[in-house]
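No value in this document is a laboratory result; all are computed from the given coordinates. All values derive from a computational prediction rather than experimental measurement. Here the Cβ is made from the backbone with ideal geometry for all residues, glycine too, and neighbour counts use every protein chain on show.
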Amino acid sequence: MQGTSIRACLARKVSAALLFTALPIAAVAQTTPAAPAVPPVKLGIVTFLTGPAAGPFGIPGRNSAEIMIEMLNAGKVPAPYATPGLAGAPILPKFVDEAGSSANQVTEFRNLVQRDGMNAVVGYISSGNCLAVAPVAEELKALTVFWDCGTPRIFEEKPLKYVFRATPHATMDNVAAARYVLKKFPDLASFSGINQNYAWGQDSWRDFVAAMKALAPKATVDKELLPKLFAGEFGAEISALLTTNSKVVHSSFWNGDLESFIVQNGARGLPARSTMVYTAGETAMFRLGAKIPDGTIIGARGPHGVMAPDTPLNKWFRGVYEDRFATSPTYPAYHMAQSILGLKSAWDKAAAAKGGQQPSIDEVVKAFEGLEFEGPSAKIRMAIGNGHQGIADIAYGSFRFNKAEGKAEIVDIVRYPAECVNPPANMTSTAWLEAGMPGAKCN
Amino acid sequence: MITVIAIVTDGLVYAAWLFVVAIGLTLIFGVMKILNVAHGAFYAFGAYAAATAIGLYFDRGWPVVGGYLAIATAAIAIGLVMGYILERVFLRRVYGRDEVVVVLITYALFLILEDVLILIWGTDGRSAYQPYTEAGSFTVGGLPLSVYDIGLVGFAGLLAIASSLAIKRTTFGRLLTAVIYDRETAAAFGVNVTRVYTVTFLVGAVLGALGGALTAPKISVTPGLGVEVIVLAFAVVAIGGMGSMEGALVGALIVGLFRAGAVHLIPQLELFSIYAVMALVLVFRPQGLFSRAQPRKI
């Protein structure tokens with residue numbers, strides 16, 4: 001039901017946007033010979049519209065897609081994206097709910113491509129869904145841009161042609177987390193971790209441990225906890241963490257699990273014993289506010305949200321997002337925006353190479369490989385995964401609740417260059433971490 | 001030593017939560033022979049109703065202690081309303097039908113109610129942490145424990161005693177026992193079975209909603225939380241024996257303690273431990289620990 005109403009609402013808004021762009025064209029058409037109308041580019045957008053991940057992730061992603069598509073169609077996005085649509089073709093979105101099993105997502109993906117004739121799909125928050133959809137996208141030769149899932153395995157297990165990810169993967173989050181932790185605790189003796197028991201949680205923990213091993217070989221792991229996704233109740237896990245001497249606890253929790261864990265461990269005094277590191281913590285900081293203890297280390301999977309630089313594109317994005325939704329964009333909103341902008345950059349580049357004509361999907365794919373483009377918060381370079389995986393700078397900081405203003409803030413922000421926290425093009429994440437991160441450029 | 005304290009307390013807290021959720025499910029099955037999948041929806045609606053009530057209550061700056069009353073009131077109200085509508089509109093029409101048909105109906109209701117929940121409360125998560133965080137904590141053997149969690153253990157204990165007394169010492173409890181043993185004979189002796197069914201379903205619905213309401217202050221209340229719970233509740237009921245309240249208590253304790261032990265000692269086996277216990281019990285006692293073997297009627 002929600003999906004239907006969202007679709008209806010978006011259809012109205014897109015129709016209105018198309019109408020506004022169509023009016024001046026119609027006026028010109030009265031005096032000049034009629035030019036053939038550019039058919040719209042049909043774009044499938046897959047995000048959680050229901051379920052526990054909808055509120056903190058899926059809906060900010062959908063909101064971001066809604067305004068980006070509307071503004072792109074109207075040609076209102078600042079430079080370098082001021083031209084309308086995708087090389088002049090209006091974008092016609094279809095929103096699909098990501099809730100349900102990975103098998104269900106594969107079916108929905110096939111429906112989008114084969115039944116609905118989508119020209120491209122921007123989708124997926126869950127790493128499990130990305131892993132399941134990637135081979136099908138290749139089989140169907142369907143241009144697919146993963147917008148939020150973080151597992152590094154997507155392009156490391158097998159080269160892909162039609163799949164891209166304009167958002168960096170989890171290795172960056174966890175290497176940067178390790179560097180930030182060691183900046184705060186240079187003599188760290190031991191640490192623990194609690195991560196969700198599926199691709200994202202397991203990969204995040206593996207990368208964090210490997211990065212710590214490379215940067216602080218003497219630090220040991222006390223507890224390694226992997227509760228199931230959406231467990232909600234973490235009493236036993238918190239007790240287990242309380243029985244350790246870990247100065248630091250790493251977690252890549254997201255969605256309702258992140259918020260539940262923060263509240264439950266706060267009530268039992270865990271943050272008084274250990275500094276918590278939340279690699280996806282930015283999504284919860286405005287909702288929980290003072291419930292998050294000062295000093296908690298917060299990541300945003302990039303230099304997003306309050307850690308984003310004050311560029312014209314970022315100012316514009318924040319402005320339209322806050323005006324429309326009366327809340328600040330968190331990192332899922334940034335991830336969606338930069339994925340759509342990546343697609344536009346590739347599409348426009350392919351069209352320019354064809355003298356302004358609409359490109360084929362294979363031409364867009366070729367243009368997307370190795371592309372560099374501006375996101376609202378950072379420059380994205382499709383530098384690894386054979387030019388299909390983006391890398392960017394990342395920032396980490398420490399949480400502080402500003403009591404005077406009643407506002408959640410991040411202080412002590414450290415920005416790490418992309419080459420400092422991402423593997424080079426010729427190495428997998430695991431191999432790079434195990435080799436001690438050779439070639440990392442951090443200055 | 002601290003690990004032993006942690007396993008016992010964590011196990012009891014988890015068991016208390018499971019028992020409150022599972023007792024309504026097993027009660028409805030014991031009396032009505034309905035495997036009520038919609039119980040997960042009672043839980044979810046209870047959690048949302050409590051989160052809303054807590055929000056409204058604490059926004060007014062009223063004393064903390066009244067917040068707990070708000071939780072109970074919200075759960076009872078939503079449980080009664082939902083239970084009454086579901087029983088009168090849907091289930092009453094299918095009493096006596098094949099159990100599979102009834103299960104499918106409750107499953108359909110569960111799915112419909114999940115969407116109704118989103119229509120009412122939307123997709124955003126809801127936070128209602130005040131009753132949990134304001135309750136504070138205390139330390140046992142160096143391990144900080146939440147007062148709210150230990151209160152939940154106390155509440156589950158009282159609920160177990162109260163339900164046992166209600167079944168054994170009250171007239172309605174005896175009528176209930178008669179219906180559990182043989183619905184047709186009870187009806188022949190003048191027991192108003194339909195009324196017993198209605199009351200049982202309402203009580204079961206309220207208990208399901210109460211389970212959700214008591215959990216709401218600890219978690220981010222989000223759509224879909226009923227799905228996780230119903231699977232665990234079925235595991236507890238299967239271990240204890242379908243329809244047995246003592247079984248629900250013992251089943252919850254077994255699951256709670258095994259899970260806590262696994263988290264502390266072999267974290268990789270957390271989920272496995274719950275269902276391994278269930279499988280083991282069912283291999284040796286297919287009817288569960290506390291269910292009687294049923295004679296076949298000819």
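Between rounded, prolate and oblate, where does region A:143-196 land on the alpha carbon gyration tensor, with a ≥ b ≥ c its root eigenvalues, rounded for a/c under 1.5, else prolate if a/b exceeds b/c? Note, shape of region A:143-196 comes out prolate.
What helices does chain A hold that run 15 Å or longer along their axis, going by alpha-carbon atoms, with a Kyte-Doolittle average of -0.5 or more, using DSSP H for the helix calls? Show your work: numbers first, answer last.
Values: long enough: A:2-29 (39 Å, 1.10); A:59-74 (22 Å, 0.21); A:127-140 (20 Å, 0.76); A:170-184 (21 Å, 0.00); A:199-215 (24 Å, -0.12); A:255-267 (19 Å, -0.15); A:312-325 (19 Å, -1.00); A:331-353 (33 Å, 0.07).
Those that clear 15 Å and a mean of -0.5 are A:2-29, A:59-74, A:127-140, A:170-184, A:199-215, A:255-267, A:331-353.
The convex hull built on the alpha-carbon positions of region A:282-398 has an orientation-averaged projected area of 8.5 nm².
Distance between the 7 Å Cα→Cβ label points at residue B:111 and residue B:280: 3.6 nm. Helical runs (DSSP H, four residues minimum) scored at -39500 (n - 2.57) apiece and divided by the length of chain B put the mean residue ellipticity at 222 nm at -24500 deg cm²/dmol. Mean residue ellipticity at 222 nm, helices only, chain A: -13500 deg cm²/dmol; runs of at least 4 DSSP H residues each add -39,500 (n - 2.57), and the sum is divided by the number of residues. Please state the shape class of chain A: rounded when a/c is under 1.5, otherwise prolate if a/b exceeds b/c and oblate if not, all from the C-alpha gyration tensor. Since a/c reaches 1.5 and a/b is larger than b/c, the shape of chain A is classed as prolate. Separation of region A:328-369 from region B:209-253 is 48 Å, based on Cα centroids. Within chain A, DSSP assigns beta bridges of which about 35% are antiparallel (rounded to the nearest 5). Expressed as an acute angle from 0 to 90° and rounded to the nearest 10, what is the orientation of the C-alpha long axis of helix B:64-85 relative to the principal long axis of chain B? Result, in degrees: 30. Amide H contacts of residue B:241 (H built 1.01 Å from N, in plane; Pro and chain starts excluded): B:289, B:290 sit under 5 Å, all sequence-distant by 5 or more or on other chains.
Axis angle, to the nearest 10 degrees, between helix B:39-59 and the longest C-alpha principal axis of chain B: 40 degrees. Quick one: net charge of residue A:197's neighbours, Cβ under 9 Å, K/R +1, D/E -1? The answer is 0.
Here the calculated FRET efficiency for residue A:352 and residue A:111, from their Cβ-Cβ distance with R0 = 22 Å, stands at 0.10, rounded to the nearest 0.05. Percent of C-alpha pairs per 5 Å bin in region B:75-148, short distances first: 3, 11, 13, 16, 13, 10, 9, 9, 8, 5, 2, 0. The long axis of helix B:193-215 is offset from the longest Cα principal axis of chain B by roughly 10 degrees. Over all Cα pairs of region B:2-284, how is the pair count split among 5 Å bins, expressed in % and running from 0 up to the last occupied bin? Percent of pairs per bin, in order: 1, 6, 12, 16, 18, 17, 14, 9, 5, 2, 1, 0, 0.
Computed from label points 7 Å out along Cα-Cβ, the spacing between residue B:166 and residue B:140 is 2.7 nm. The Cβ shell under 14 Å around residue A:140 holds other residues with a net charge of -1, Lys and Arg each +1, Asp and Glu each -1.
On the beta carbon distance between residue B:100 and residue A:198, with R0 = 45 Å, the FRET formula returns roughly 0.85. Springs between Cα atoms under 10 Å define the GNM used for chain B, and in it the highest mean-square fluctuation of B:186, B:22, B:47 occurs at B:186.
Neighbours of residue B:126, meaning other residues whose beta-carbon lies under 12 angstrom from its beta-carbon, give a summed charge of -1 when Lys and Arg score +1 and Asp and Glu score -1. Placing a pseudo-label 7 Å from each Cα along the Cα-to-Cβ vector at residue B:81 and residue B:195 gives an inter-label distance of 2.7 nm. If you wrap the tightest convex hull around every Cα atom of the protein assembly as shown and split its volume per residue, you get 179 Å³. In plain terms, the chain from residue A:323 to residue A:94 could stretch by 80.1 nm, reckoned as 0.36 nm per residue minus the Cα-Cα distance. The count of lysine pairs in region A:94-234 whose Cα atoms are under 28 Å apart, excluding pairs fewer than 8 places apart on the same chain, comes to 14.
Could you tell me which of rounded, prolate or oblate describes region B:189-257, using a ≥ b ≥ c as the square roots of the eigenvalues of the alpha-carbon gyration tensor, with rounded for a/c under 1.5 and, failing that, prolate when a/b is larger than b/c and oblate otherwise?
Oblate shape, in that a/c is at least 1.5 and b/c is the bigger or equal ratio.
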